[in-house]
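Student: My questions all concern the structure below.
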Amino acid sequence: MTTERAEEDTVAYTVENDIAWVKFNRPEKRNCMSPKLNRQMKKVLEELEFRDDVKVLVLTGEGQAWSAGMDLQEYFRENEAKGLGAVRKAQRESYGWFERLRWYEKPTIAMINGWCFGGGYGPLFGCDIAIASEDAQFGLSEINWGILPGGGASKVAQELMPFRKAMYHAMMGENLTGKQAEEQGLITEAVPADQLLARVTAIAEALKKKDGHALRATKWTMRRMVDMTYDNGLEYQIRAQEALHSFGGAEARREATRQFLDEKSFKPGLGTFDTSKINS
Ligand code: ACO
């Protein structure tokens, strides 16, 4: 018999070497997302977002799953029994943290260690980089239990995958392995399970060395431009670069240019500049 998990235990996290490792923490329920978990995840993300000792956030799952999607009992059945108000509240709690993650002010990496279903595609898309174990399983299983892939899931597939692949994925309810998910554009990269942690750590370490403000502006730009024309994208880039200048961007750029042109201590084409030398 499983004991009921307290709300604050539905998400676990540690911060080590400027990397926050956040975990869906209901392994006994394959980390499916209950209202408690959704509330706690939003709290944890907000707590970590502006901490100086957090430069990169990794979202992963405890046990065999990344997340088995929404909780059919606690998210769907129980709220539907209570009525429309409860349904909307639960939707807002989950969509709320997916949205916070999409616009998170720090770089984020999804480390997909196992099952990833349906509602899990919201946070999957919310993370900037997605690295999975080759044997992870991705599925829009909604069709298998008689609903459509909602909560953002069908939009994620349509946004990231070639249309024919996305349509098949949504209609057939067949799972993709990590390797197939990589081939179809759903994730950044799949690696053998025993290399997952090392690969994610290497990416996080590389991100840590880059200028955090430039990373923020790059993230907004890449996400905002998705539905912009070329000219609007160009205009947005000008504005985002100018906004970046008011948050340390001007000093960072001046220092990087100095290191390249004057000090000749690095080449932008071959790596990143030494951000520790920026005069704040
Ligand atoms: N909602 C509610 N409970 C769940 C969910 C879920 N999404 N996923 C797993 N659980 C529960 C199981 O009911 C079971 O509970 P119990 O121990 O009290 O019986 C426990 O987690 C363990 O699950 P098992 O099915 O025994 O684990 P197994 O490793 O055999 O299978 C798998 C894992 C394939 C992920 C299976 O649990 C499953 O199909 N889950 C549902 C996946 C899904 O379709 N999610 C919904 C997507 S649609 C959406 O998110 C809107």
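Student: Quick check on the stretch 39-57. Is at least one of its residues touching a residue at least 60 places away in the same chain (Cβ under 8 Å) and out of contact with any Leu (no Cβ under 9 Å at 6 or more places or on another chain)?
Tutor: So far as the stretch 39-57 goes, no, none of its residues is touching a residue at least 60 places away in the same chain (Cβ under 8 Å) and out of contact with any Leu (no Cβ under 9 Å at 6 or more places or on another chain).
Student: On to the next question. If you check residue 121 against the conditions, is it hydroxyl-bearing (Ser, Thr, Tyr) and under 24 Å from residue 29 (Cβ atoms)?
Tutor: Details: hydroxyl-bearing (Ser, Thr, Tyr): yes; under 24 Å from residue 29 (Cβ atoms): yes.
Yes.
Student: Right, something else. Just name the residue that is farthest from residue 30 (Cα to Cα) out of those in the stretch 135-154 that are among the hydrophobic types (A, V, I, L, M, F, W, C) and crowded, with 22+ Cβ neighbours inside 10 Å.
Tutor: 153
Student: Here are 190, 204: which of them is under 16 Å from the mean Cα position of the chain (by Cα), closer than 25 Å to residue 277 by Cα and modelled with pLDDT of 95 or more?
Tutor: Within the list 190, 204, the selection yields 204.
Student: Going by what's in this entry, would residue 257 be described as assigned to a helix (DSSP H, G or I) and β-branched (Val, Ile, Thr)?
Tutor: So residue 257 fits the description; yes.
Student: Out of everything in the stretch 33-52 that is within 19 Å of the chain's Cα centre (by Cα), over 22 Å from residue 82 (Cα atoms) and among the charged types (D, E, K, R), what residue ends up being farthest from the ligand (Cβ to nearest atom)?
Tutor: 51
Student: Just to be sure I understand the filter: pairs with C-beta atoms under 6 Å, separated by 6 or more residues or on different chains, first member in the stretch 190-210 and surrounded by fewer than 13 Cβ atoms within 10 Å (Cβ to Cβ), second member of a type in the set (Asp, Glu). Which pairs pass?
Tutor: 192/134
Student: Go through 5, 88, 77, 30 for me and flag whichever is exposed (fewer than 12 other Cβ atoms within 10 Å of the Cβ) and either in contact (Cβ under 8 Å) with a residue 60 or more places away in the chain or within 15 Å of the ligand (Cβ to nearest atom) (or both).
Tutor: 77
Student: Taking residue 119, is it within 8 Å of the ligand (Cβ to nearest atom), buried (at least 24 other Cβ atoms within 10 Å of the Cβ) and either within 21 Å of residue 90 (Cβ to Cβ) or polar (S, T, N, Q) (or both)?
Tutor: yes
Student: Look at the stretch 5-15 and say how many of its residues are within 21 Å of residue 76 (Cβ to Cβ) and under 16 Å from the mean Cα position of the chain (by Cα).
Tutor: 1
Student: Which numbered condition trips up residue 72, out of (1) surrounded by 22 or more Cβ atoms within 10 Å (Cβ to Cβ); (2) in contact (Cβ under 8 Å) with a residue 60 or more places away in the chain; (3) near the ligand (Cβ under 9 Å from one of its atoms)?
Tutor: (1)
Student: Continuing with the same structure: Could you list all residues from the stretch 146-175 that are hydrophobic (A, V, I, L, M, F, W, C) and either under 19 Å from the mean Cα position of the chain (by Cα) or within 13 Å of the ligand (Cβ to nearest atom) (or both)?
Tutor: Of the stretch 146-175, the ones hydrophobic (A, V, I, L, M, F, W, C) are 147-148, 153, 156-157, 160-161, 163, 166-167, 170-172.
147, 148, 153, 156, 157, 160, 161, 170, listed by residue number.
Student: Also, quick follow-up: In the stretch 249-267, is there at least one residue being surrounded by 15 or more Cβ atoms within 10 Å (Cβ to Cβ), small (Gly, Ala, Ser) and within 25 Å of the chain's Cα centre (by Cα)?
Tutor: Scanning the stretch 249-267 turns up at least one residue that is surrounded by 15 or more Cβ atoms within 10 Å (Cβ to Cβ), small (Gly, Ala, Ser) and within 25 Å of the chain's Cα centre (by Cα).
Student: Can I ask one more? Applying the selection to the stretch 16-27, what residues are assigned to a strand (DSSP E or B), away from the ligand (no atom under 12 Å from the Cβ) and either surrounded by 15 or more Cβ atoms within 10 Å (Cβ to Cβ) or under 17 Å from the mean Cα position of the chain (by Cα) (or both)? Full working, then the answer.
Tutor: From the stretch 16-27, those assigned to a strand (DSSP E or B) are 16, 19-24; that's our starting set.
Right, trim to away from the ligand (no atom under 12 Å from the Cβ) and you get 16, 19-23.
Result: 19, 20, 21, 22, 23.
Student: Could you please find all residues in the stretch 163-178 being assigned to a helix (DSSP H, G or I) and surrounded by 14 or more Cβ atoms within 10 Å (Cβ to Cβ)?
Tutor: Step one: list which residues in the stretch 163-178 are assigned to a helix (DSSP H, G or I), which gives 163-172, 178.
Residues satisfying the conditions are 165, 166, 167, 168, 169, 170, 178.
Student: If you don't mind, there's one more thing I want to ask. Return the only residue of 181, 157, 132 being assigned to a strand (DSSP E or B) and crowded, with 23+ Cβ neighbours inside 10 Å.
Tutor: 132
The values are calculated or read from the model by the stated rules, or taken from the named source; none is laboratory data. Note that the structure is predicted; figures quoted are calculated from it, not measured. Counting neighbours? That spans all protein chains shown, and the Cβs are built from the backbone with ideal geometry, glycine included.
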